[in-house]
Amino acid sequence: MKIWFLALGLFFVMRANGQTPGDSVRQSYPVLEVTPHLGYIVKNSGQVPESKRTMFVEFNPSVQTNGSREWHHIFGFPRIGCSLMAGDLGNSRELGHFWGVAPNITFNTLNPKWYSPRVTLGLGLAYFNRPYNETENPLNFYIGSHITALATSAVFVEPAINSQFSLKAGIRVVHCSNGHYQVPNLGLNMPSVFFGIVYTPNGTPEVRRRNILVPPSKLKFNLRLGIGVNELARTFGPAGTSKYAIYMTDVYVSRRVGKASNLQLGLEMKYYNGFYQYIKRNNLFERDWTQKSTVFGFFVGHELLINRFSLLTQGGINLYNEFYDKYIQQYKSEKGLQADLKKLISTRLGVQYYLFNPAYATRNNIFIGGYIKANFGMADFICTQVGFVF
């Protein structure tokens, strides 16, 4: 489960141009970026260690799309890369250092104006050498495990020096979380500014934008089944408790809007084995334990369609969440509006890979995905699902 996002992302990089490795060597336009960053950690609790300025270096080998695939034209010829990051978190004793790998996509890379903003989105994994440890490092509530998911976004400008070299300057946000797989897990948010250099040894391809036609959009029925895992504890602990499975079923309708967006509307059901075990141990309810361990809700979602891949963002409302009320009553500090919103609002971020390009396949498509599920911004669990488009 921990390596799921990395496996999907690396596959994304290899398949981005729809070419075999031999073809990509012959037709590719490699790009090498080296970027130092200077930033800080957003302090999201009074109980976390102090941190000075963070510093890390990013090396991002990538490939400039050349118009050989239709989706290159739809997205304005983006760059596909894989960022490698390493740096210091401003407190070596309690926060340590981190290393990250994040497959990514950069939009608007061939805009002729140097001041036109470009956007990079990435999703991968991070490794921390000083996570929380009850005896050796008891104050690092940001990160509870060595390996976490890593999400990153950046906005920057890229003025050219000549045909091969460009400068790169902008702002970046890095977010790391293990999805409540192991607590404590406040999550680490790290904004930064950067100034680097970009090297394109073969220059950029000469391409002419084509008007891409896709089939008319139709309403589709989707079924998604999966399993997740988390540790049944609050954000700060108790640490070291058992991990439990979560079983998920989603039914929803979807429809493509434009050439690269897919909208979703549906119902979701989540059964928490950890809830069931907690109810059983503490006699929270007299009967209907299985029902009380289940959460029902509806959701709306958006997929950004990139060839056979999609980036999924989803938000929803929990219509039935009986366990949460009983559980939260034991922790008076978590009552109030924030607790009510955690009970009510469900969100998800993830990536999906389809057997056939979903922009063109109207029926009978299979997909697999990896996701981080949250309750009003607080990580709930990590999961994987398989689905079918009817």
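SER192 meets each of the listed conditions (1) touching a Gly at 6+ places or on another chain (Cβ under 6 Å); (2) in the same structural domain as ASN365 (by TED's automatic domain parsing); (3) not aliphatic (A, V, I, L, M) apart from (2). Of all the residues in the range 28-62, those that are closer than 21 Å to ARG172 by Cα, of a type in the set (Gly, Ala, Ser) and either outside the structural domain of GLY96 (by TED's automatic domain parsing) or touching a strand residue (DSSP E or B) at 6+ places or on another chain (Cβ under 8 Å) (or both) number 2. GLY144 meets the stated requirement of being crowded, with 23+ Cβ neighbours inside 10 Å and in contact with a Pro (Cβ under 9 Å, 6 or more places away or on another chain). Kindly evaluate ASN222 against the criterion of being of a type in the set (S, T, N, Q) and out of contact with any strand residue (DSSP E or B) (no Cβ under 6 Å at 6 or more places or on another chain). No, not satisfied. Taking the range 171-230 as the range and being touching a residue at least 60 places away in the same chain (Cβ under 8 Å) and of a type in the set (Val, Ile, Thr) as the test, the residues that pass are VAL174, VAL193, ILE197, VAL198, THR200, THR204, VAL207, ILE212, VAL214, ILE227, VAL229.
Apart from one condition, THR249 fits all of (1) surrounded by fewer than 18 Cβ atoms within 10 Å (Cβ to Cβ); (2) under 30 Å from ASN44 (Cβ atoms); (3) polar (S, T, N, Q); (4) within 22 Å of the chain's Cα centre (by Cα); the exception is (2). Contact map, the range 125-145: first residue closer than 27 Å to LEU84 by Cβ, second residue of a type in the set (Asp, Glu) and surrounded by fewer than 21 Cβ atoms within 10 Å (Cβ to Cβ), Cβ cut-off under 7 Å, separation 6 or more or different chains; pairs are ARG130/GLU94; ASN137/GLU94; ASN140/GLU94. For the range 192-239, the tally of residues that are part of a loop (DSSP other than H, G, I, E, B) and closer than 30 Å to MET378 by Cα stands at 6. If you go through the range 242-292 and keep only what is farther than 14 Å from PHE381 by Cβ and of a type in the set (S, T, N, Q), you end up with THR249, SER254, SER261, ASN262, GLN264, GLN277, ASN282, ASN283, THR290, GLN291. Among the candidates LEU284, LEU267, the residue that is of a type in the set (A, V, I, L, M), outside the structural domain of GLY81 (by TED's automatic domain parsing) and more than 22 Å from the chain's Cα centre (by Cα) is uniquely LEU284.
For SER293, state whether it is assigned by TED's automatic domain parsing to the domain that holds GLU322 and more than 23 Å from the chain's Cα centre (by Cα). In short, yes.
Among residues of the range 276-295 that are surrounded by 13 or more Cβ atoms within 10 Å (Cβ to Cβ), those with a Cβ under 9 angstrom from a residue that is at pLDDT 90 or above and among the basic types (Lys, Arg), sequence gap 6+ or separate chain, pair up as TYR276/LYS292; ILE279/LYS292; LEU284/LYS292; PHE285/LYS292; TRP289/LYS280; THR294/LYS270; VAL295/LYS270.
Checked against (1) farther than 28 Å from ILE80 by Cα; (2) out of contact with any helix residue (DSSP H, G or I) (no Cβ under 6 Å at 6 or more places or on another chain), ALA245 passes all but a single condition, namely (2).
Only residues that are more than 23 Å from GLY124 (Cβ to Cβ), surrounded by 14 or more Cβ atoms within 10 Å (Cβ to Cβ) and among the polar types (S, T, N, Q) were counted in the range 156-199, giving 1.
The values are calculated or read from the model by the stated rules, or taken from the named source; none is laboratory data. Predicted model, so just to flag it, every value in this text is computed and none were measured. We place every Cβ from the backbone using ideal geometry, glycine too, and count neighbours over all the protein chains shown.
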